[in-house]
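For reference, the structure is listed below as structure tokens.
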Amino acid sequence: MRRYPPIADHGLIGDLQTCALVSAEGSVDFFCAPRFDSPSLFASLLDRDKGGHFSVAADVADPADVTVRQLYLPDSAIVVTRFLTADGIGEVIDFMPLHDPHTAHDRRRIIRGVRVVRGTVRFRLECRPRFDYGRAGHETVVGPDGVSFRSAAGTAHLQALGPVFLDVENGDAVSSFTLRQGDLTGIVLTTGAPGDPAPPALVEREVVQEFADTHRFWHDWTARCRYRGRWQQVVNRSAITLKLLSYAPSGALLAAATTGLPEQVGGERNWDYRFTWVRDASLAVSALIRLGYSEEADAFRRWLGDRLRAGQTASGEPLQIMYRIDGDPHLVEETLDHFEGYLGSAPVRIGNGAADQLQLDIYGEAVYGLAQDSHVAEVAGYDGWVRVAELLDWLCDHWDRPDEGIWETRGGRRDFTYSRLMCWVAFDRGIRAAQRLARPADLPRWTAARDAILRQVMEKGWNEKRQAFVQYYGGDVLDASLLWMPLTGFVSPRDRRWLATLDAMGEELVSDSLVYRYNPEASPDGLRGSEGTFSLCSFLYVNALARAGRLDEARYAFDKMLTYANHVGLFGEEIGPTGEQLGNFPQAFTHLALVEAALALDEALDRAAR
């Protein structure tokens with residue numbers, strides 16, 4: 001087993017309160033419990049020796065003697081890892097049951113079904129938990145129903161069914177066992193709070209029922225999808241990924257499943273993305289509604305409305321850019337200096353020090369998400385509308401300020417064009433919602449602010465020499481975030497200025513259909529090192545091309561971008577120079593942009609055909 005498999009060599013399983021990454025070699029390499037943003041139990045992706053892992057794989061003398069394949073059961077969050085050897089074919093089937101996902105509780109469960117479909121396969125099991133990011137030791141207790149790991153940070157209990165007998169090795173659980181064609185067994189890991197007793201043992205019939213219930217849940221959920229276009233499977237996988245990155249008890253949507261995975265191997269751009277960004281989650285609302293998942297969209301909008309009503313932020317603004325999934329605004333950043341980082345990429349950070357940054361664009365995305373359709377009247381009610389109106393009244397006096405911008409650069413505040421664009425969106429969508437829902441609003445004041453922003457962007461955000469809209473006023477740096485301009489209706493997708501900007505981006509930011517978000521050398525962001533192309537921006541580029549009528553380019557760029565997905569259809573944050581995925585994985589923003597690009601391209605191709 002490799003010390004550090006490629007970031008992309010993983011499938012994602014989850015139960016809507018947390019999730020786990022399962023490598024293509026059969027190892028759980030990242031898992032936090034009981035919540036997404038809780039300390040890790042397994043984090044070998046961040047430190048192979050100190051992070052902990054839970055592996056079940058074919059036991060062969062030479063890794064070259066086994067071929068491994070991994071896939072999802074169709075339209076589900078159940079991962080199957082297949083081991084093909086000369087003696088037989090074995091499978092490990094990984095999933096997390098969903099027990100009352102809307103109620104927060106400490107007990108989490110990973111079930112690993114193991115079977116042989118041909119011949120005979122010998123397996124090796126290793127369960128090496130490392131509580132609290134490897135900072136807390138544990139006691140190992142062997143009982144009649146398995147092995148328990150007890151720590152001040154939590155508990156974990158490992159149960160093995162059938163012919164699997166667990167041994168203890170240096171405080172960890174290990175086993176070697178052989179299965180023959182038709183044999184099926186189960187390995188169950190249950191985590192809980194400190195002091196929790198071992199759970200009741202499961203029998204084979206119960207494990208099979210857990211599988212059937214989980215399979216049915218995901219099939220029923222996927223059947224709700226309204227999309228019937230050209231990229232059905234790709235869109236379904238992205239929708240399931242967005243669902244897996246949602247925290248059902250609160251309705252919050254995560255940015256990504258992991259922390260600390262590098263944007264550049266060996267570099268310092270290693271952030272914690274296990275939180276809810278107002279921007280990412282609000283923009284996901286539109287995609288969820290268009291796919292038919294209004295329940296998930298409404299749950300997030302309730303969460304966002306609660307943040308507006310609470311008004312308690314670390315930044316002192318009405319909203320801050322990110323929160324914990326339960327709405328806590330405090331995300332103190334610290335480094336795990338005892339972890340070496342993925343392939344030596346240090347520091348490994350938990351928490352996020354950018355939480356108190358000023359990023360004015362979040363108000364546009366928040367109103368955009370809240371005002372998507374008439375359901376907002378039912379979800380927010382009159383009191384919710386009053387809070388939105390108060391926010392827009394406040395924004396009238398506060399939109400014209402330098403800020404840190406969408407990319408959370410740590411190089412100082414500027415008058416970022418994207419921030420102004422999204423403030424325009426806030427007023428524009430607020431005006432439309434007030435008129436559509438017949439709600440009280442200071443429409444003359446909101447309209448004046450909206451129009452003032454548009455005039456300012458056209459005058460200061462446009463660089464006549466570059467013949468393009470630029471990253472910040474007075475600068476000449478291009479920025480792919482401005483691909484949102486035609487998507488929000490700020491400009492027509494065939495406006496002269498916009499088409500010139502699109503051409504300039506194509507020349508400077510696009511490399512073989514992959515898009516860099518900006519040039520850090522031309523616009524220093526306060527961090528060392530470089531980064532790959534940004535997958536979100538690559539899909540936004542497809543969307544913009546489609547709306548501009550450049551359908552051949554758009555379709556080719558989209559199909560080419562899909563080739564960078566991993567073996568089970570997942571995307572991280574960035575693509576490196578040799579096609580490797582970089583950054584936290586998988587990333588919700590990328591899958592959101594993929595869905596929006598597929599929808600826009602489908603609609604444009606259908607119009608062209610008519």
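Assorted remarks:
- The single condition among (1) open to solvent by 10 Å² or more (accessible area, probe 1.4 Å); (2) modelled with pLDDT of 95 or more that Arg439 does not satisfy is (2).
- Test result for Val60, surrounded by fewer than 23 Cβ atoms within 10 Å (Cβ to Cβ), of a type in the set (Val, Ile, Thr) and over 17 Å from the mean Cα position of the chain (by Cα): yes
- Considering residues of segment 25-40 that are open to solvent by 10 Å² or more (accessible area, probe 1.4 Å) and in contact (Cβ under 8 Å) with a residue 24 or more places away in the chain only, the residue nearest to Arg124 (Cα to Cα): Glu25
- Taken as a whole, the condition of being of a type outside the set (Phe, Trp, Tyr), over 15 Å from Ile13 (Cβ atoms) and assigned to a helix (DSSP H, G or I) does not apply to Ala57.
- Qualifying residue in segment 586-597 (condition: part of a loop (DSSP other than H, G, I, E, B) and without any contact (Cβ under 8 Å) to a residue 24 or more places away in the chain): no
- Filter pass, Gly229 being among the small types (Gly, Ala, Ser), in contact (Cβ under 8 Å) with a residue 40 or more places away in the chain, open to solvent by 70 Å² or more (accessible area, probe 1.4 Å) and in a loop (DSSP other than H, G, I, E, B): no
- Between Ala546, Ala593, Ala557, Ala600, the distinction of being on the phi < 0 side of the Ramachandran plot, of a type in the set (A, V, I, L, M) and in contact with a Lys or Arg (Cβ under 7 Å, 6 or more places away or on another chain) belongs to Ala600 only.
- The residue that is farthest from Thr190 (Cα to Cα), counting only those in segment 69-104 that are under 23 Å from the mean Cα position of the chain (by Cα) and open to solvent by 60 Å² or more (accessible area, probe 1.4 Å), is Pro74.
- The listed residue being over 16 Å from Arg307 (Cβ atoms) and β-branched (Val, Ile, Thr), out of Val457, Val388: Val457
- Which numbered condition Glu459 fails, given (1) among the charged types (D, E, K, R); (2) closer than 30 Å to Ala546 by Cα; (3) touching a residue at least 24 places away in the same chain (Cβ under 8 Å); (4) out of contact with any strand residue (DSSP E or B) (no Cβ under 6 Å at 6 or more places or on another chain): (3)
- Search result, residues across segment 241-280 that are in a helix (DSSP H, G or I) and either closer than 22 Å to Thr335 by Cβ or open to solvent by less than 10 Å² (accessible area, probe 1.4 Å) (or both): Thr241, Leu244, Val278, Arg279
- Here the condition is being under 31 Å from the mean Cα position of the chain (by Cα), open to solvent by less than 30 Å² (accessible area, probe 1.4 Å), under 25 Å from Asn352 (Cα atoms) and free of Cβ contacts under 8 Å to residues at least 60 places away in the same chain; of Asp403, Asp415, it holds for Asp403 alone.
- Within segment 281-313, tally of residues that are among the acidic types (Asp, Glu) and open to solvent by 30 Å² or more (accessible area, probe 1.4 Å): 2
- For segment 570-606, the set of residues classified as more than 14 Å from the chain's Cα centre (by Cα), under 27 Å from Gly489 (Cα atoms) and of a type in the set (Ser, Thr, Tyr) is empty.
- Asn566 being over 19 Å from Leu483 (Cα atoms), within 25 Å of the chain's Cα centre (by Cα) and part of a loop (DSSP other than H, G, I, E, B): yes
- Val22 being surrounded by fewer than 24 Cβ atoms within 10 Å (Cβ to Cβ), of a type in the set (A, V, I, L, M), assigned to a strand (DSSP E or B) and in contact with an Asp or Glu (Cβ under 7 Å, 6 or more places away or on another chain): no
- Annotation note: Cβ proximity below 8 Å between a residue of segment 41-58 that is touching a residue at least 40 places away in the same chain (Cβ under 8 Å) and a residue that is surrounded by fewer than 23 Cβ atoms within 10 Å (Cβ to Cβ) and hydroxyl-bearing (Ser, Thr, Tyr) (sequence gap 6+ or interchain) occurs for Leu45/Tyr4; Arg48/Tyr4; Ala58/Thr85.
- Some residue of segment 212-224 being in a loop (DSSP other than H, G, I, E, B), modelled with pLDDT of 95 or more and at negative phi: yes
- Taking the conditions (1) open to solvent by 60 Å² or more (accessible area, probe 1.4 Å); (2) within 21 Å of Ser286 (Cβ to Cβ); (3) not in a loop (DSSP other than H, G, I, E, B) in turn, Asp503 satisfies each one other than (2).
- Filter result (small (Gly, Ala, Ser) and either surrounded by 23 or more Cβ atoms within 10 Å (Cβ to Cβ) or within 16 Å of Ser44 (Cβ to Cβ) (or both)) within segment 342-354: Gly344, Ser345, Ala346
- Single residue of segment 449-473 satisfying the filter (within 34 Å of the chain's Cα centre (by Cα) and assigned to a loop (DSSP other than H, G, I, E, B)) that is surrounded by the most Cβ atoms within 10 Å (Cβ to Cβ): Gln471
- Where Asp306 falls short, out of the listed (1) farther than 28 Å from Cys537 by Cα; (2) over 21 Å from the mean Cα position of the chain (by Cα); (3) at pLDDT 95 or above: (3)
- Residue check for Ser513: open to solvent by 10 Å² or more (accessible area, probe 1.4 Å) and in contact (Cβ under 8 Å) with a residue 12 or more places away in the chain: yes
Yes/no per residue for (1) open to solvent by less than 10 Å² (accessible area, probe 1.4 Å); (2) touching a Phe, Trp or Tyr at 6+ places or on another chain (Cβ under 6 Å); (3) touching a residue at least 40 places away in the same chain (Cβ under 8 Å); (4) not polar (S, T, N, Q):
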{"site": "Ser315", "(1), (2), (3), (4)": "no, no, yes, no"}
{"site": "Leu319", "(1), (2), (3), (4)": "yes, no, yes, yes"}
{"site": "Met322", "(1), (2), (3), (4)": "yes, yes, yes, yes"}
{"site": "Val332", "(1), (2), (3), (4)": "no, no, no, yes"}
{"site": "His338", "(1), (2), (3), (4)": "no, no, yes, yes"}
{"site": "Tyr363", "(1), (2), (3), (4)": "yes, no, yes, yes"}
{"site": "Tyr368", "(1), (2), (3), (4)": "no, no, yes, yes"}
{"site": "Ala371", "(1), (2), (3), (4)": "no, no, yes, yes"}
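- Condition check for Thr488: touching a helix residue (DSSP H, G or I) at 6+ places or on another chain (Cβ under 8 Å) and closer than 30 Å to Ala565 by Cα: yes
The values are calculated or read from the model by the stated rules, or taken from the named source; none is laboratory data. All of these numbers come straight from a predicted model, not from anything done at the bench. Methodologically, a virtual Cβ is constructed for each residue, glycine included, from the backbone with ideal geometry; neighbour enumeration extends over all protein chains shown. In case anyone asks, the SASA skips ligands and DNA or RNA and just uses the protein heavy atoms, side chains included. Shrake-Rupley method; radii C 1.70, N 1.55, O 1.52, S 1.80 Å.
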